[in-house]
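Peer 1: Provided herewith is a single structure, encoded as structure tokens, for subsequent inquiry.
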Amino acid sequence: MAEEVWRVVEVTVVPGTRKNSVRYNTACGFIFYKKAYRGDKLRVECMNRKIGCLCKMTMLDGVFTINGVHNHAAQFREQHRAATVNDCLDIARAPRMGQQGPKRILELARSRNPDARIALNPVLERRIQREKRANQPPPPTSIPEMLDSIEMYPDFKETIRGDQFFHGVARSEEDDDVPGVAVIFLSLMLLGQLGQVNSMHLDGTFRTVPGLFYQLLTIHVIVFDKVSISCSIVLMSRKTRNLYTSVMQQIVRIYEERFPDVPISINDIVTDFELALMGAISDVMDAEARGCWFHYGQAVLRKSGKLHLTRNYRNGGVVAHIVQELIGLALLPAERIYEGFEVSTIKIESGDTQRAIAALFTYWSAFWLGSVSPAQFSAHGKGNRTNNFVEAWHHWFNKRCVHAHLNVWDFIDEIKEAEESKSREFQAAENGDPIGRGSTPAQRKRNRNIARNSILLESGSLTVREFLQRTRRTFNIRLPADRKAAAEDADEYEGSDVLENEISDDGYPDRPYDRRRQRFPAGIHVGERQRRAKERRERADRRRECRERAEGSPARIGIIPVRPLSPDAPLPHAQSPDNSLPRLQTRDAPLPHPLSPGTSSARSMTLPETLPHPARRQRHRRFRRIRPFRRIHPAILHPEVILENRLLALRANGNNRYPEFESNIEPYDEEQELLMNEILAQRIRDLARNPSPPP
């Protein structure tokens, strides 16, 4: 018996594919599993022992020795695959990585193992999902259950730095039968800015909110006049004034407890035009909330689109000026907004457009002067006229979350990361580092123009009318509902050869434009757009005139087949029977339509013997497509029916064409001749289709 040979090998211990299992990978590409412990010696065997591989390995004092030879090839591919699976599980277990989907986690793991050949399969997907949920509490089914889990897991109550992040719950017991609940998260580092800055912005978002809540309310403060920092994040189950009031009262109370000697210095609050939120802010704080200018302009444009004014606004005439001036009213002082509204007039427009503009004026006066006061949407003299800071933060946060309506615990991890990111940006801004991209040259120019016009208005150098005219193009956004407007235009003008257009003040009719041409905002390049529209209209008019001349010329009237007319029908072309002379039709004239059995006897139509022939340009002959026989009723194609129709048509015009025809030919001879002509014509058509028939 041959003596066993033991060799020392290099081994790496890695986690196995099963839970709590271990693999022993050799540097030469083989995989071993634990078999047994015998004293201080560990015995392992090849993973392919079931197919007859007798190679064994032992470990003593940390040294691995191998005995035997493998009966299979090295397993490097399996080692890379197992390493990728283990990396997937490590990534899924990592904090704040639960929001990543299994596919994204696998992509990250494959980037760490370039040699791995593995794809996402149901087994791996389930393992990743189980590993993601292993370090989290069970998903709550109600808000009280969620609050109990937060108390049991302190990590969800603190920021990444270890500061307190969860600050209790606000409730609104006054709301109906279902009271509202709001879960409040505050950044203590940024909360102190409420006593240092003057501007605060609030807005809500819905995309990433967990299923237990309705919206996410974020409160931002503007530091250093251009940096927006989120100091509070609130999960709300309802959007009522009572719940908003409870949230604001609790935030103010927490601030006053931590900073009792520094009063809140906020005097400019910007929101979207949510009346419940604006009313709650005025109830709690010593400042009136105003609306966002962007939301105001969007509301006016949306209403004009509902009134079917989008096409007129796109064309850039009086309608565009009126809508732009309505949007520009928000740049006036609150006490002069109604004065600016009175100077807006309707110029020469069609009746439908005037009625739509009147409806737009009615909407504006009823809502913006009735439900919303001018002080709540006036942006006169304000540095930040819009709520774009908060909108940009929401866009950034939603993009970070990857998915909509995250798990509650994944969502809390995300807002903790967002708080950490913005806190570091605030610290960098305190050191003087630039934050963000800043405004573009076009935005800076627009702000200078608005500020200059506002100063001229206050000094009396500009009237309200002149101010509105100068600020027409300061609000330039994409037109609302371009696809719907194009569809409405197509439906409105479909099926009409001559378009009856509305006339605007520039003398050009309003025509629907192709959607591909709308590459520039309304109000820009109006002259170039109208010039192209005028050229298209002139080309269409020339084509229509040529078509009418071709269809209604006297030369064609002379060869029109005579149709049976009723006794009361007027004669064509106002020709009286006295001065009308019979005219023989040409040989190429088509046969007239036959008389139907229910129609009275035909009356011959006489035409003048000579008619002026206008000089006509030689045109190419147009050939019409012959309809297939499957579209014609089978009874009409019967030979006897065809002969009968031909006889009726010939008798209807026999006196005008050949007066001696019916008197000299018997009915039998007439039918025989028609039958011979039909057979001869059929042979001619067959020869035309097949010029060289087979012998």
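The values are calculated or read from the model by the stated rules, or taken from the named source; none is laboratory data. Not measured: the values here are computed from a predicted model. Glycine gets a Cβ as well: all are built from the backbone with ideal geometry, and neighbour counts include every protein chain shown.
Peer 1: Here are the criteria: (1) assigned by TED's automatic domain parsing to the domain that holds ALA451; (2) within 30 Å of ALA451 (Cα to Cα); (3) modelled with pLDDT of 85 or more. Tell me which single one ILE346 does not satisfy.
Peer 2: Unmet for ILE346, out of (1) assigned by TED's automatic domain parsing to the domain that holds ALA451; (2) within 30 Å of ALA451 (Cα to Cα); (3) modelled with pLDDT of 85 or more: (3).
Peer 1: May I pose another question? From the list THR65, THR17, which residue is farther than 30 Å from ALA418 by Cβ, within 46 Å of the chain's Cα centre (by Cα), at pLDDT below 90 and not aliphatic (A, V, I, L, M)? Full working, then the answer.
Peer 2: Working: THR65 fails: within 46 Å of the chain's Cα centre (by Cα).
It is THR17.
Peer 1: Touching a strand residue (DSSP E or B) at 6+ places or on another chain (Cβ under 8 Å), within 24 Å of LYS34 (Cα to Cα) and not in a strand (DSSP E or B), is that true of HIS70?
Peer 2: So HIS70 fits the description; yes.
Peer 1: Tell me, yes or no, whether the range 254-270 has at least one residue that is within 30 Å of the chain's Cα centre (by Cα) and crowded, with 21+ Cβ neighbours inside 10 Å.
Peer 2: The first filter runs over the range 254-270 and keeps only residues within 30 Å of the chain's Cα centre (by Cα), leaving 270.
Checking the rest, the ones that are also crowded, with 21+ Cβ neighbours inside 10 Å come to 270.
Looking for residues that are within 30 Å of the chain's Cα centre (by Cα) and crowded, with 21+ Cβ neighbours inside 10 Å, one finds at least one in the range 254-270, hence yes.
Peer 1: Is it true that some residue in the range 301-310 is touching a Pro at 6+ places or on another chain (Cβ under 6 Å) and either closer than 30 Å to MET146 by Cβ or not basic (Lys, Arg) (or both)? Explain how you work it out, then say what you get.
Peer 2: Residues of the range 301-310 touching a Pro at 6+ places or on another chain (Cβ under 6 Å): 301-302, 305.
Subset that is either closer than 30 Å to MET146 by Cβ or not basic (Lys, Arg) (or both): 301, 305.
Yes: the range 301-310 contains one or more residues that are touching a Pro at 6+ places or on another chain (Cβ under 6 Å) and either closer than 30 Å to MET146 by Cβ or not basic (Lys, Arg) (or both).
Peer 1: I would also like to ask the following. Has the range 32-40 got any residue that is of a type in the set (A, V, I, L, M), surrounded by 13 or more Cβ atoms within 10 Å (Cβ to Cβ) and at pLDDT 85 or above? Even if it seems obvious, please write down each step before you answer.
Peer 2: From the range 32-40, those of a type in the set (A, V, I, L, M) are 36; that's our starting set.
Filter again for surrounded by 13 or more Cβ atoms within 10 Å (Cβ to Cβ), leaving none.
Scanning the range 32-40 turns up no residue that is of a type in the set (A, V, I, L, M), surrounded by 13 or more Cβ atoms within 10 Å (Cβ to Cβ) and at pLDDT 85 or above.
Peer 1: Still on this model: Return only the number of the condition from (1) part of a loop (DSSP other than H, G, I, E, B); (2) closer than 16 Å to GLU10 by Cβ that ASN25 does not satisfy.
Peer 2: It is condition (1) that ASN25 fails.
Peer 1: Okay, next question. Given the criteria touching a strand residue (DSSP E or B) at 6+ places or on another chain (Cβ under 8 Å) and at positive phi, does GLY162 qualify?
Peer 2: Working: touching a strand residue (DSSP E or B) at 6+ places or on another chain (Cβ under 8 Å): no; at positive phi: yes.
It is false that GLY162 is touching a strand residue (DSSP E or B) at 6+ places or on another chain (Cβ under 8 Å) and at positive phi.
Peer 1: Please work out if PHE397 is in contact with a Pro (Cβ under 6 Å, 6 or more places away or on another chain) and among the aromatic types (Phe, Trp, Tyr).
Peer 2: Spelling it out, it is not the case that PHE397 is in contact with a Pro (Cβ under 6 Å, 6 or more places away or on another chain) and among the aromatic types (Phe, Trp, Tyr).
Peer 1: Does HIS201 qualify as being within 15 Å of ILE415 (Cα to Cα), part of a strand (DSSP E or B) and not hydrophobic (A, V, I, L, M, F, W, C)?
Peer 2: Details: within 15 Å of ILE415 (Cα to Cα): no; part of a strand (DSSP E or B): yes; not hydrophobic (A, V, I, L, M, F, W, C): yes.
The answer is no for HIS201.
Peer 1: So which residues in the range 418-440 are free of Cβ contacts under 8 Å to residues at least 40 places away in the same chain and hydroxyl-bearing (Ser, Thr, Tyr)?
Peer 2: Kept after step one, since they are free of Cβ contacts under 8 Å to residues at least 40 places away in the same chain, are these residues of the range 418-440: 421, 424, 427-428, 430-434, 437, 439-440.
Answer for the range 418-440, where residues must be free of Cβ contacts under 8 Å to residues at least 40 places away in the same chain and hydroxyl-bearing (Ser, Thr, Tyr): SER421, SER439, THR440.
Peer 1: Condition (residue is touching a strand residue (DSSP E or B) at 6+ places or on another chain (Cβ under 7 Å) and either buried (at least 16 other Cβ atoms within 10 Å of the Cβ) or within 16 Å of ASP410 (Cα to Cα) (or both)) applied to the range 140-147: is it met by at least one residue? If you could, list the steps in order and put the result at the bottom.
Peer 2: Filtering the range 140-147 down to residues touching a strand residue (DSSP E or B) at 6+ places or on another chain (Cβ under 7 Å) leaves 143, 147.
Cutting the leftovers down to either buried (at least 16 other Cβ atoms within 10 Å of the Cβ) or within 16 Å of ASP410 (Cα to Cα) (or both) gives us 143, 147.
Scanning the range 140-147 turns up at least one residue that is touching a strand residue (DSSP E or B) at 6+ places or on another chain (Cβ under 7 Å) and either buried (at least 16 other Cβ atoms within 10 Å of the Cβ) or within 16 Å of ASP410 (Cα to Cα) (or both).
Peer 1: From the set of residues in the range 96-131 that are surrounded by 12 or more Cβ atoms within 10 Å (Cβ to Cβ) and β-branched (Val, Ile, Thr), which is nearest to ARG77 (Cα to Cα)?
Peer 2: ILE118
Peer 1: Okay, next question. Pairs, please: C-beta under 9 Å, at least 6 apart or cross-chain, first residue farther than 14 Å from ARG23 by Cβ and assigned by TED's automatic domain parsing to the domain that holds PHE30 and in the range 57-82, second of a type in the set (D, E, K, R) and outside any strand (DSSP E or B)?
Peer 2: LEU60/ASP40; ASP61/ASP40; ASN67/GLU4; GLY68/GLU4; ARG77/ASP115; ARG77/ARG117
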